[in-house]
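First comes the structure, then the notes that go with it.
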Amino acid sequence: MQLDCDVAVVGAGPAGSRTARDLARAGLRVRLLEEHRAVGVPSHCSGLISPRTLREAEIGEEAVIHRLTGAFIHTQEGGEVALGGSATRAVAIDRVAWDQTLCEQAQAAGAELVRARMTRVERENNHVRLTAQTDGRDWTLTARMVIGADGTHSRVARTLGLPRPAEYAYNLGIEGRISPDARAKWRDDYVHVFVGHDLAPGWFGWIIPVGGEIVRVGIGTTGAVKPIVAYRRMAEAYPELFAGLEPIRMYGGTIPLSFAPRSYSDRALLVGDAAGQVKPFSGGGIYTSLVAARLAAVTVREAFERDAFGAKSLAAYERRWKREIGRELRKSRHLRHFGLAMSSAQIERLVRALRSPGLQALTDQHADIDYPSKVLLRLARSLPALATLGAVTVRRPRAALNLVRAHLPV
Ligand SMILES: Cc1cc2nc3c(=O)[nH]c(=O)nc-3n(C[C@H](O)[C@H](O)[C@H](O)COP(=O)(O)OP(=O)(O)OC[C@H]3O[C@@H](n4cnc5c(N)ncnc54)[C@H](O)[C@@H]3O)c2cc1C
């Protein structure tokens, strides 16, 4: 039977476009299905990435709209610490242009972009059949394999019965304009991060300057409080930062905070948010989805070389991405859970301890937004942090296990 293509990739976000690009470059016939009329629109992202991510994406400096060198951490009790230095730690990107560039790279390599919403995927004898909808009309597509790069609520995962991530953060993001007064008080190369169990239960709030008077602000929670309610509280608690903020655009989005128990099955791989490949400490998923996409493409190419599309053969994908980023994701998840077990007073003490010159130097040397466990584990072993961590360990021994697990090599 003549199939419509070799690989059907569902979703033209970073994960899907990068997978499609690499597979098309390897000579495979790829269809890239995207439900939105314009790729990347609307954006549901703050667009903060590491400089390393530019290299991983093979996108140049033209994508960068602003450079960030540090962060102010604010606690709900009013504590504040500045961490950072002069080196660029992160860059803000135009996320719509970013997604479109990646998709254009995939098309230039030979992938065919198709505007369609995939509604169902079924396995048949030696292929998969996707049902898709364009302008209300159903049609089908056959392929040797399907890649589910269709984001957090992955329909590919759900229709194939793949287990979903266990934990999510629900977010509200606002792109806005700040007043000249507020701007004069700011360092526009520092982000602001707001933490506190009452302020942003389970997650955190943020302000990211992206150049000039424009900022991206937002807050997430793990469900106890609606993000809009948390946002109002945050804006009230920090009037000096939020007063006069004029919203331009609002968006919401769900971020998986743990990876899916399985990212492969017969003739199918999940990549990016669909597989929960997101950094559990920050919710950043652009870097991790690109790494996973590269490894998915390597595995799919091998599957075609061997004509082996079963789960056993595709399991190599999961081994690969876990080797490269899975360890960090696991460590960060344990560290996050340890942080959640700390009382507000303990968080406050820890943040104040971070002002010590020794810890400032340590942070400056080891901070890495893609691999936060590097600096967090060093901080956990440092003298000023030990008293606080010891207190958590005594009061919440189960939580302390997370710290032990985060230290384990695997
Ligand atoms: C508020 C917020 C702020 C964030 N900020 C950052 C940040 O600063 N830095 C960072 O690194 N990450 C951030 N993230 C996370 C980041 O946006 C994601 O991790 C990243 O987009 C994952 O890429 P992806 O390709 O896996 O999924 P997505 O970018 O979600 O792409 C999935 C694509 O699939 C399409 N699709 C879905 N279903 C179907 C279907 N059935 N048929 C056809 N197409 C379909 C969608 O339209 C979409 O284009 C943020 C997330 C949120 C919610």
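The values are calculated or read from the model by the stated rules, or taken from the named source; none is laboratory data. Source: prediction; values computed, not measured. Please note: Cβ atoms are built from the backbone with ideal geometry, for glycine as well, and neighbour counts cover all protein chains shown. Accessible surface areas use protein heavy atoms only, side chains included; no ligands, DNA or RNA. Shrake-Rupley method; radii C 1.70, N 1.55, O 1.52, S 1.80 Å.
Residues of the range 135-171 being in contact with a helix residue (DSSP H, G or I) (Cβ under 7 Å, 6 or more places away or on another chain) and outside any strand (DSSP E or B), which ones? I'd like the intermediate steps shown before the answer.
Initially, the range 135-171 is screened for residues in contact with a helix residue (DSSP H, G or I) (Cβ under 7 Å, 6 or more places away or on another chain), giving 145-152, 154, 156-157, 164, 170-171.
Scanning the range 135-171 gives Ala149, Asp150, Gly151, Thr152, Ser154, Val156, Ala157, Arg164.
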query: Just checking, how many residues over the range 199-217 are at negative phi and in contact (Cβ under 8 Å) with a residue 40 or more places away in the chain?
result: 9
Index of the failed condition, Arg232 passing every other in (1) part of a helix (DSSP H, G or I); (2) not assigned by TED's automatic domain parsing to the domain that holds Val217: (2)
- prompt: Across the range 349-369, what is the total count of residues that are of a type in the set (Gly, Ala, Ser) and buried (at least 20 other Cβ atoms within 10 Å of the Cβ)?
  reply: 1
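When you scan the range 256-267, how many residues do you find that are assigned to a loop (DSSP other than H, G, I, E, B) and either away from the ligand (no atom under 12 Å from the Cβ) or touching a Pro at 6+ places or on another chain (Cβ under 7 Å) (or both)? Quick ask: steps written out before the conclusion?
Residues of the range 256-267 assigned to a loop (DSSP other than H, G, I, E, B): 257-263, 266-267.
Narrowing further to those that are either away from the ligand (no atom under 12 Å from the Cβ) or touching a Pro at 6+ places or on another chain (Cβ under 7 Å) (or both): 257-262, 266-267.
Selection size over the range 256-267: 8.
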Residues located in the range 142-164, provided they are open to solvent by less than 10 Å² (accessible area, probe 1.4 Å) and not aliphatic (A, V, I, L, M): Thr142, Gly148, Ser154
Selection from the range 222-255 of residues that are away from the ligand (no atom under 12 Å from the Cβ) and within 16 Å of the chain's Cα centre (by Cα): Thr222
query: Can you name every residue in the range 317-338 that is surrounded by fewer than 19 Cβ atoms within 10 Å (Cβ to Cβ) and either more than 17 Å from Pro256 (Cα to Cα) or among the hydroxyl-bearing types (Ser, Thr, Tyr) (or both)?
result: Arg319, Arg320, Arg323, Glu324
query: What's the number of the condition Gly136 fails, among (1) near the ligand (Cβ under 10 Å from one of its atoms); (2) without any contact (Cβ under 8 Å) to a residue 24 or more places away in the chain?
result: (1)
